[in-house]
Amino acid sequence: MKPIAHVFAAEGPIAGRLSRYERRDGQVRLAQAVEDVMDGGGVLLGEAGTGTGKTLAYLAPALRSGLRVVVSTGTKNLQEQIFFRDLAFLKEALGAEVRCACLKGQENYLCLTRLHSFLHSPKCLAFPSKEVARLEQWAQITTTGDRMELPGLSDDAPIWREVASTKETRIGQKCPNYENCFITKARRDAAVADLVVVNHHLYFADIATRRRGGAVLPGHDVVIFDEAHLIEDIATEFFSTRVSSARVARVIEDSLAAVGAARFAEDPQEENRKKAAASLNTLCANLFDRFRGDQPGRRDLGEVPIDDNAQRAFFRLDSALESFELSLRAREGRDEGVDHCAARIADIRTDLADVLDHRDPANVYWVETKPRSVVLGASPIDISAYFHDEVLTVRDSVVLCSATLSTGGDFRFLKSRLGIDFDVEELVVEAPFDYRRQSRVYLPAAMPDPRSDGFLDAARTEIDRLVHLTGGGALILCTSYRNMHAIHEALTASWPGPVLRQGEAPKSSLISEFRNERDGVLVATAAFWQGVDIPGDDLRLVIIDKLPFAAPGDPVTAARIDHMTRAGGNAFRDYQVPRAALMLKQGFGRLIRTTHDRGIVAILDARLRTKGYGASFLKTLPPAEVTVDFEQLKQWWEEP
Ligand code: SF4
C-alpha cells in the first residue's frame, strides 16, 4: 500500500477529484498519526484547527485499515455531513470497498407500532390533518424511517413525539413489526459494516446498554471521537439516572392503553389495577411537587431536605407502583405490550430508589424544575474511571480529535477529565490561516468588571459602536439569557438592520436568515458558541460578553469543584479556567473559517486584562494581534 501521504498529494486521488486543491501539511501529519495509532494501538490526542481538513485526515486511514472502526461525533448534523459528504466522497476517491453505515439514536426513527396506535387513537384528531397526512404518506415510502427525510419537521415537533421510537416504548424482538422495523434494519446494516458513523449520544447509550448485558453498536477495534471536547458532558448525561413526574404519568397511561388493547378474556387483577392507577397520579404529584422550585432550572438535591413527609410520600408511591406492576405481571407472557410496561415500572422504581434512597458519594443528586414536570436525578461527579475502563482499555486504538482540545498545546485538562493517566500520542495541527493578517482581538480598555452594575450599559455602548464599525455581520455570543435579551432589546432600538435572536426560530433558519442579510446581527447564548459555520464575509464580527465560566450554581459543576478542592486540588486553576478557555476558543473559532475571511473578535470581559488568569485565556486563542484601543481597531478595519 502507498504511504498515506499519497492520498493527500498534489497528484493523489483526492486532488484528482477537486478543481482547486491545495495540499495541507497539517492534514497529512494528522492522517499519518491516526494511521500509526491504528497500526500500533494506543491513544492519540489530535487537535486540528479549523480548515485543516481533519475529517478526511481520520477517514482515510480508517478506510485503508481493514479494521472495524466507529467514528463518533458531537451532533447529528455533523454525523450526516461526515457520512453523506466526506465519507461518500473519500470512498469513491480511494475506490475503497468498505461497508459503511450511519446509525443514530432510536428517537430519530419512526416506530411502526406507535404510528399504528397513533393513527387509530383520539390523540391524532388533535393534530392538523395536513400534518398527519404528510406523516402517513412519508411512512409509506421511506426506506429508512429517519426523521431527517421528513421535510419541514422542526426539532421539537409534537407529532414526532407521538410516533418516534423511544427507549421506553421500543418493545424489541417480540414486536409484531420487528422484521420491518426501521431500527432493526439500521442496526443490522451497522452490524455488518466495517465503518459506522454515530454520534456521542449513541456511543454512550451503547456503553450504558452494555452494562446491562446488551449492545447497540457492533464490536469494533477502533473508535475515533471527533468533537472530543464534548465527551465529558455527554457521557455525564448518559451515566446519570433520572426520573420525572412525566415519566411516571406516561407509563401509567401506556399501561392502561396496553391492557385495553390486549383485551384479556378474564382478568383477575382488573380491580386492583384500576384502584392503583386511580391513586398513582395523586401519589406521584405528592412526591414530586415537594421538590418543585419557584424557578425553572436545576438545584442540588442536598439543599432540599428529604424529611419524614417526603420519605413517606416516596414509600407510598413506590408501594402503589409495586402493586400496579404486580397487577400487570399477573398476565405475564400473554401480551408483549403489557409485559413491557411492567418492566418500565420496575425500572422507574429502581431509579427512584437510587435517587432518593441509596445515596452514593460518587454521585451528585439534583432536582430540575421544568414547566410541566419535575425531574429527580443523580449524576457521576467524575466520569474519568468510566471512560478509562469502558473505552480506553477496551478498544485497541482510540483517537480523540477536535479544534479545541488543548490549552496552548497542553492536553492535561482533557487527560485528567477522561482518565488518560498513561502515555499517549499528542499532536497539535495549527489552522492554515494567517490570524495576524486576517483578524484582531479587541479587549475594550474602558469596560468595568462584568460582575458590576455598570457592565450591561457599558457593554451595550461597545456593542453598538462595533456593530456600526463593521456594518453588521455580527454574531453576539452571550453567557446568559438575561444578557442576550438586554443586548437584543438595545440593538433593536439602535441598529437599523435586522437583529435576530436565538429562540425566535430554529437555529438553522436563524443562521440562513443571517447569511442572507449583509447587515444582520444575531444575538445568542451557549447553543451558538459551537457548530456555527459561516464562512466568508457574512460574518465579520464576533462579540463575546463574558468569559464563559460554567455556572457554579449548576449542581454537577459545583460538585466537581467541591470534589477537586477536597482532594487538595485547585479547582479554579485546573478545572474552571481551562474549561472556560476551551469554550472561548470555540467562540473565537466562529470567525475565521477560510483563508479569505477577515474580522474582529471583541471580548468585553475586563478580567482578561486585569486578572492573572487572563493570560491563560489569551494563550489558548489563535495568534491574532490584540488591541485595547478602538481607534487602532477602526484604522485596521478600514485599511483597504
Ligand atoms: S421494534 Fe420497537 S421501534 Fe420497531 S416497530 Fe416495534 S416497537 Fe417500534
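Numerical summary
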{"quantity": "Pairs with Cβ under 7 Å, 6+ apart, first in the range 101-127 and under 13 Å from residue 185 (Cα atoms), second within 9 Å of the ligand (Cβ to nearest atom) and open to solvent by 60 Å² or more (accessible area, probe 1.4 Å)", "calculated": "112/180"}
{"quantity": "Number of the exception - residue 416 against (1) small (Gly, Ala, Ser); (2) open to solvent by 30 Å² or more (accessible area, probe 1.4 Å); (3) touching a helix residue (DSSP H, G or I) at 6+ places or on another chain (Cβ under 6 Å)", "calculated": "(3)"}
{"quantity": "Total residues in the range 176-202, condition near the ligand (Cβ under 10 Å from one of its atoms) and surrounded by 20 or more Cβ atoms within 10 Å (Cβ to Cβ)", "calculated": "3"}
{"quantity": "Of residues in the range 97-111 being assigned to a loop (DSSP other than H, G, I, E, B) and over 12 Å from residue 205 (Cβ atoms), the one most open to solvent (accessible area, probe 1.4 Å)", "calculated": "97"}
{"quantity": "Strands (runs of 3 or more DSSP E) enclosed by the range 203-322 - at least 3 residues per element that are open to solvent by 30 Å² or more (accessible area, probe 1.4 Å)", "calculated": "297-300"}
{"quantity": "Hits in the range 568-595 (condition: open to solvent by 40 Å² or more (accessible area, probe 1.4 Å), outside any helix (DSSP H, G or I) and more than 18 Å from residue 436 (Cα to Cα))", "calculated": "568, 570"}
{"quantity": "Any hit, the range 406-422, residues being over 21 Å from residue 579 (Cβ atoms) and not assigned by TED's automatic domain parsing to the domain that holds residue 609", "calculated": "yes"}
{"quantity": "Options 22, 35: the member that is in contact with a Pro (Cβ under 7 Å, 6 or more places away or on another chain), acidic (Asp, Glu) and open to solvent by 10 Å² or more (accessible area, probe 1.4 Å)", "calculated": "35"}
{"quantity": "Subset of the range 596-640 (residues that are of a type in the set (Gly, Ala, Ser) and more than 14 Å from residue 435 (Cα to Cα))", "calculated": "602, 606, 612, 614, 615, 616"}
{"quantity": "Criterion: within 16 Å of the ligand (Cβ to nearest atom) and not aliphatic (A, V, I, L, M) - qualifying residue of 166, 241, 236", "calculated": "166"}
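The values are calculated or read from the model by the stated rules, or taken from the named source; none is laboratory data. None of the values given here were measured: they were computed from a predicted structure. Heads up, the Cβs are rebuilt from the backbone with ideal geometry, glycines too, and the neighbour counts pull from every protein chain shown. Note: accessible area is taken over every heavy atom of the protein model, side chains too, but ligands, DNA and RNA are not part of it. Shrake-Rupley method; radii C 1.70, N 1.55, O 1.52, S 1.80 Å.
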